[in-house]
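One structure is given below, encoded as structure tokens.
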Amino acid sequence: MSSWLPLGKWVDEGVNFIIENDGGTIERLGSVIGTFTEAIEMGLQALPVWGVMAAFVLTGLWRVGWKFGLFCLCCCLIIFETGFWPQTLVTLALITAATVISLVIGLPLGIWVARSDRVATIVRPTLDFMQTMPAFVYLIPAAMLFGLGRVPGVLATVIFAMPPVVRLTSLGIRQVNKEQVEAGITFGCTPFQVLLKVQIPGAMPSIMAGINQTIMMALSMVIIASMVGAGGLGNDVLASIQRLDIGLGFESGLAVVLLAIMLDRITETLGDQGPRRTLRERLGLSPRANGGSPAAPELTGGSSK
């Protein structure tokens with residue numbers, strides 16, 4: 001450490017001060033996060049394997065199409081047959097818990113940043129710090145404050161994964177057409193009504209892109225969080241590194257990749273505001289779904305004079 005600028009010493013003293021004087025707040029916060037994550041995990045594990053597979057397949061069919069629905073089925077079968085299904089559910093629970101917490105904090109913060117330049121001046125450098133600090137660094141204070149297990153893994157994941165949803169929510173609201181906002185104000189809308197009925201719907205593609213990126217970053221971080229006992233597929237990836245087991249590393253890594261592809265393709269369509277396709281088009285039974293165009297109606301009348 002530097003003798004004239006001991007930043008590391010100050011951080012150590014700050015963390016120790018929090019631990020000694022938090023009055024049980026950290027313990028209660030950890031208990032809430034741990035209970036929430038455990039409830040999601042138990043809910044997923046209580047479902048039959050075919051039920052979770054069906055959820056992925058039907059969602060892929062609904063949001064993307066029959067080809068992706070078939071791809072989801074193949075992904076689920078590969079994960080199940082390689083024996084990583086229980087670990088995948090644990091990883092999915094960690095991702096879900098971290099994403100929900102990130103959205104609960106990030107969406108209102110992004111709206112606040114979009115509506116206040118002063119807040120943006122403070123929040124943006126903080127987001128830069130959160131995104132550029134090496135992910136392993138987050139695990140140290142999280143483990144010191146909350147011990148080993150799910151809680152520090154989820155909190156470190158929240159810190160790492162939250163910036164995209166804040167940035168893209170703010171960006172989307174700021175880029176909403178000014179004329180639409182002025183029209184809402186002209187018709188007597190309150191600032192809250194303008195936000196709820198004009199700005200948020202207009203910014204929805206950007207907001208959903210932020211949610212998609214948050215989920216992807218959460219998935220990458222929960223693997224690293226296995227170093228503090230978060231569990232899931234990260235344990236197998238870490239074990240393969242420690243034992244230099246190429247086969248285990250490939251199989252566990254493949255499960256992570258397949259889960260990431262399914263989540264990415266499904267969530268990226270949630271912000272799609274293009275023309276909605278019918279079920280026949282998603283199943284590939286419509287001419288439009290196959291790149292064709294509907295047949296032109298027959299002309300029954302005579303020639304016009």
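The values are calculated or read from the model by the stated rules, or taken from the named source; none is laboratory data. All figures in this text were calculated on a predicted structure; none of them were measured in a lab. All Cβ positions, even for glycine, are placed from backbone atoms using ideal geometry, and neighbour counts span all protein chains on display. Accessible surface areas use protein heavy atoms only, side chains included; no ligands, DNA or RNA. Shrake-Rupley method; radii C 1.70, N 1.55, O 1.52, S 1.80 Å.
In region 167-174, is there at least one residue being at pLDDT below 85 and within 24 Å of MET130 (Cβ to Cβ)?
Step one: filter region 167-174 for residues at pLDDT below 85, giving none.
Within region 167-174 (the criterion being at pLDDT below 85 and within 24 Å of MET130 (Cβ to Cβ)), the answer is no, since none of the residues qualifies.
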Query raised in the report: Of the conditions (1) β-branched (Val, Ile, Thr); (2) assigned to a loop (DSSP other than H, G, I, E, B); (3) exposed (fewer than 14 other Cβ atoms within 10 Å of the Cβ), THR126 fails just one. Which one is it?
Result: (2)
Report summary line: Filtering region 129-165 for residues that are open to solvent by 70 Å² or more (accessible area, probe 1.4 Å) and in contact with a helix residue (DSSP H, G or I) (Cβ under 8 Å, 6 or more places away or on another chain) leaves a count of 4
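Kindly state which helices (runs of 4 or more DSSP H) lie completely within region 1-72 and contain at least 3 residues that are over 24 Å from ALA98 (Cβ atoms) and open to solvent by less than 50 Å² (accessible area, probe 1.4 Å).
Values: elements: 7-21, 25-46, 49-63.
Qualifying helices (runs of 4 or more DSSP H): 49-63.
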Requested in this report: Scan region 189-218 and report the pairs whose first residue is open to solvent by 50 Å² or more (accessible area, probe 1.4 Å) and whose second residue is β-branched (Val, Ile, Thr) and at pLDDT 85 or above, with Cβ atoms within less than 8 Å and a gap of 6+ or a chain change.
Outcome: GLN213/VAL165
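For region 229-246, name all the residues that are in a helix (DSSP H, G or I) and either open to solvent by less than 20 Å² (accessible area, probe 1.4 Å) or in contact (Cβ under 8 Å) with a residue 60 or more places away in the chain (or both).
First, pick out the residues of region 229-246 that are in a helix (DSSP H, G or I): 233-243, 246.
Listed by number, the residues that qualify are LEU233, GLY234, ASN235, ASP236, SER240.
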Report task. Could you check VAL176 against (1) surrounded by 19 or more Cβ atoms within 10 Å (Cβ to Cβ); (2) in a helix (DSSP H, G or I); (3) β-branched (Val, Ile, Thr) and say which number it fails? Result -> (2)
